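Colleague: This structure is in structure tokens; I'll ask about it shortly.
The values are calculated or read from the model by the stated rules, or taken from the named source; none is laboratory data. The shown structure was predicted, so the numbers you read here are calculated from the model rather than taken from an experiment. With ideal geometry, Cβ positions are generated from the backbone for all residues, glycine too; neighbour counts draw on all protein chains shown. Accessible surface areas use protein heavy atoms only, side chains included; no ligands, DNA or RNA. Shrake-Rupley method; radii C 1.70, N 1.55, O 1.52, S 1.80 Å.
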Amino acid sequence: ALQGWDPRLATQVLSGLAKAKRGRTSWNVLEAMQLQQLETNAFHFGAAMNAMGTWPQAIALLERARKSGAANTVVINSAINCCAKVGAWPVALHLLQIGGSPDVISFSGAINACSLGGEWHLAVEVLMKMSEARIQQDAISYNSVITACETGDQWNLSLELLRSMKENQLQPTVITYNSVMSACQKWQDALQLLFTMQTETIEADVISFGAVISSASWELAVHVLDSMFLQQILPDIVCYNAAMTSCRSNWQRALALFWQCQTMRIRPETVTYNAVISCCGQHWTLSIHLFSEMKEVKLPPSTVTYNAVIDACSAGNWELSLQLLF
């Protein structure tokens, strides 16, 4: 049935199957082509590789490509990227090592795999090996490593990598700054980075401002939230949650932010209610009202919710605390 197929048509079919994530069908198409002794090349295997949903499928397909003499750098890169999607960093690093002639895409894929796998130190190591292999590091590879460091709470290293980017004359992006600011443990560092973005004419987004709010005191958090409106950036629920969490010493401000959030038609989450209830402290009647409202809007209370309400009630209505507990 496949006799007379144009190899380019086969590539288009396999690319379409990849977009639809039809890994098994892609495998069957390649198998049928080989059984009928039709040409199968690196383009076909590369397209089919993008359809694979798991790293064992990718490895099996790569082995088939090797036997067909089609396992070039592009196909190996596709296999590495497949591993990266699921954080299969040991397999990605192995493929990088045996790949023969890895390029910047090979290294970036391996870095992504380490990042998603929570192995920030390995991501840094792969970035250093790019220099050893005389492969030009780019902003994408740096961003991936900085994201890994953010996940691993390595904020000092994130700042160092940002400096290294600039020394290597690479232009940081808003993604770079957002990752570094999210990793910062001190609001002063996050705020300074926000100012630096403006100096470098990099347009800050909602994530940039949210990163500063998350590490700020309530006064600064509210100020940053207000400045977002001045710059025509609409805060999202994450920004409001962070701002309310910072208001533990000012329950009135937390409540005002809670009402502002609803006025803006931003739907509160369980985390939102947890933040404002925790700020209410000993105002147990208000905590109970908010707790009841959660049920009315069909938001599931979490352990944090119950703990916050019980803490509030224990000071003025311990009998109610027992009812909530049991």
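Colleague: Roughly how many Å² is the accessible area per residue of the chain, as a whole number, for a 1.4 Å probe? Spell out each step's value before the answer.
Modeller: Working: 16740 Å² over 326 residues.
So the chain comes to 51 Å² accessible per residue, rounded to a whole number.
Colleague: Show me 96-102, 32-38, 297-303, 170-176 ranked by packing, highest mean number of other Cβ atoms within 10 Å first.
Modeller: On the way: 96-102: 14.7, 32-38: 12.9, 297-303: 11.3, 170-176: 17.4.
Packing proxy ranking, top to bottom: 170-176, 96-102, 32-38, 297-303.
Colleague: What is the chain's relative contact order, in percent, from Cα pairs under 8 angstrom and six or more apart in sequence?
Modeller: Rounded, it is 7 percent for the chain.
Colleague: What percentage of the solvent-accessible surface of the chain, computed with a 1.4 Å probe over protein heavy atoms, is contributed by carbon and sulfur atoms?
Modeller: 55 percent
Colleague: Let me ask you something else. Can you tell me the Rg and Dmax of the range 242-299, counting just the alpha carbons, in angstroms?
Modeller: That works out to 10.4, 28 Å for Rg and Dmax.
Colleague: Okay, moving on. What percentages make up the Cα-Cα pair-distance distribution of the range 181-280 when the bins are 5 Å wide from 0?
Modeller: Going out from 0 Å in 5 Å bins, the range 181-280 shows 3, 15, 25, 26, 17, 10, 4, 1, 0 percent.
Colleague: Related question: Could you grab the relative contact order for the range 50-149? Cα pairs under 8 Å, six or more apart, rounded to a whole percent.
Modeller: Relative contact order comes out at 23 percent.
Colleague: Ratio of Rg to Rh for the range 1-145, alpha carbon only, Kirkwood?
Modeller: On the Cα set of the range 1-145, Rg over Rh gives 1.02.
Colleague: Can you grab the distance from the C-alpha centre of the range 141-156 to the C-alpha centre of the range 166-237, Å, no decimals?
Modeller: The range 141-156 and the range 166-237 have Cα centres spaced 16 Å from each other.
Colleague: Right, something else. What value does the range 41-107 have for Rg/Rh, both radii from Cα atoms and Rh as Kirkwood defines it?
Modeller: 0.91
Colleague: Any idea what the dipole of the range 1-143 comes to, in debye rounded to 20, about its Cα centre with Lys/Arg Cβ at +1 and Asp/Glu Cβ at -1?
Modeller: Charge dipole, the range 1-143, about its Cα centre: 360 debye, nearest 20.
Colleague: When the gyration tensor of the chain is built from Cα positions, what are the square roots of 5 times its three eigenvalues, in whole Å, from largest to smallest? Show your work: numbers first, answer last.
Modeller: Details: eigenvalues 479, 136, 60 Å².
Over the Cα atoms of the chain, the ellipsoid semi-axes are 49, 26, 17 Å.
Colleague: At a Cα cut-off below 30 Å, give the lysines reachable from Lys85, other chains included and same-chain residues fewer than 8 away excluded.
Modeller: Straight-distance partners of Lys85: Lys19, Lys21, Lys67, Lys129, Lys166.
Colleague: As a check on your grasp of the helix formula, calculate [θ] at 222 nm for the chain: sum -39500 (n - 2.57) over DSSP H runs of n ≥ 4, divide by the residue count, round to the nearest 500.
Modeller: Computed ellipticity for the chain at 222 nm equals -22000 deg cm²/dmol.
Colleague: Once the mean 1/r over all distinct Cα pairs of the range 104-197 is inverted, what Kirkwood radius in angstroms do you read off?
Modeller: One over the average 1/r among Cα pairs gives 13.0 Å for the range 104-197.
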